[in-house]
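The values are calculated or read from the model by the stated rules, or taken from the named source; none is laboratory data. Since this is a predicted model, take the numbers as computed values, not measurements. Here the Cβ positions follow ideal geometry from the backbone for every residue, glycine too, while neighbour counts run over all protein chains shown.
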Amino acid sequence: MGWVSLSYPATRITHISVNMDIKEELIKLKKDALEDVKKIVDPDAYKELYAKYLGRKGELARLAKGMKNIAESERPSVGILVNDVKMALESALEDAKNTILGSFPDTGDSVFDITLPGNKVNVGGLHPITSFIWEIEDTFRELGFGVVDGPEVESEWYNFDALNAPSWHPSRDMQDTFHVKTDKEEKMVMRTQTSPVQIRAMETYGAPIKIIVPGRVYRNEEMDARHEATFWQVEGLVVDKGISISHLLGTMNYFIDRILGAKTRWRPGYFPFVEPGLEMDIECLLCSDGCRVCKGTGWLEFMGAGMVHPNVLKSAGVDSNVYSGFAFGFGPERLHMLKYGVNDVRLYKSGDLRFLEQF
Ligand code: PHE
């Protein structure tokens, strides 16, 4: 090619025709290169042409090297031309890359690999307890339960009194309570349980009723591997004519079977709003012969339950001579821990993605 001759001694002669040659070479280079660029059909061709014209050892670089042999007075105009050619080639090559080949990663002028995977976009996910509560809701929905919500800042009346626990009642000590100052006359608390929604739901919907109430509850607890000051509960309430304790046992045994598939046992238990009261234990799935979590007993306390106390039905305006019912309340975090072998409840609110991303 003609411009190869640039390196021959004549270029050192400060003669106008030599500089004209360089300019002509540059113009020709631009024309040829733009023609070539039009023919790019794949990344390899792009790579090749980029190297050929704009690479470190490319043709433009070689021409530009000839600058030092040009008369000083000519240098600015040749320089402008070199720049013009360079910009025209760069933009033509860029256009070819974007429009003809689509966008493939710009890894400089040496490597293009359109088979490289794209950049991963991180999207958020549901918290494991959120999706677990949805699973619990679905299981109860299949049994005909509705899902109901209630306030987390609750009056003492709903949280205790209406549930058969007046202010003097010793059972109030069972739940260390956060009291809340408000401008209301009523005394307010952060609800210690989801049971107040039993009353609210019966007031709103009357009887018969069949609901669960998932929600957050608050207790002024010492925090450890099994206890937190904020946690979840799922309350359940079924009120109808002729409801007996066998409905309670049948429903809850079925539920545990579906969600966990573990052995359970029932014990008598005390809660002021049920009579008789029961507690369900689940076999400890974290060990086979007794561990720290089950304190060597092989069983974990799981759920409070019982037949709704007539005083509770009365508080909510339901006739206890006509209706009876059962109620239950359990912690979905405890259930999740058993299901997945999690040995510290504090992990759920740790925000640690290494933990959360496993579910
Ligand atoms: N609310 C009780 C608790 O927080 C659980 C419970 C609910 C017990 C319904 C009986 C009936 O421990």
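Kindly check whether there is at least one residue in region 238-254 that is buried (at least 17 other Cβ atoms within 10 Å of the Cβ), touching a helix residue (DSSP H, G or I) at 6+ places or on another chain (Cβ under 6 Å) and assigned by TED's automatic domain parsing to the domain that holds G144. No - not one qualifying residue is present in region 238-254.
Residues in region 310-317: is at least one surrounded by 13 or more Cβ atoms within 10 Å (Cβ to Cβ), of a type in the set (G, A, S) and either at pLDDT 90 or above or in the same structural domain as Y205 (by TED's automatic domain parsing) (or both)? Yes: one or more hits. Whether any residue in region 279-298 is closer than 24 Å to N343 by Cα, within 13 Å of the ligand (Cβ to nearest atom) and part of a strand (DSSP E or B) is what I want to check. Yes, some residue in region 279-298 is closer than 24 Å to N343 by Cα, within 13 Å of the ligand (Cβ to nearest atom) and part of a strand (DSSP E or B).
Results for (1) at pLDDT below 90; (2) more than 15 Å from D95 (Cα to Cα); (3) among the β-branched types (V, I, T); (4) surrounded by fewer than 16 Cβ atoms within 10 Å (Cβ to Cβ), shown as yes or no for each residue.
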| position | (1), (2), (3), (4) |
| --- | --- |
| K28 | no, yes, no, yes |
| K38 | yes, no, no, yes |
| V41 | yes, no, yes, yes |
| A45 | yes, no, no, no |
| A51 | no, yes, no, yes |
| L63 | yes, yes, no, no |
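The residue that is farthest from the ligand (Cβ to nearest atom), counting only those in region 158-208 that are among the aromatic types (F, W, Y) and free of Cβ contacts under 8 Å to residues at least 12 places away in the same chain, is W168. Here F302, F328, F271 are screened, and the one residue that is in contact with a strand residue (DSSP E or B) (Cβ under 6 Å, 6 or more places away or on another chain), farther than 15 Å from I129 by Cα, in a loop (DSSP other than H, G, I, E, B) and within 16 Å of the ligand (Cβ to nearest atom) is F271.
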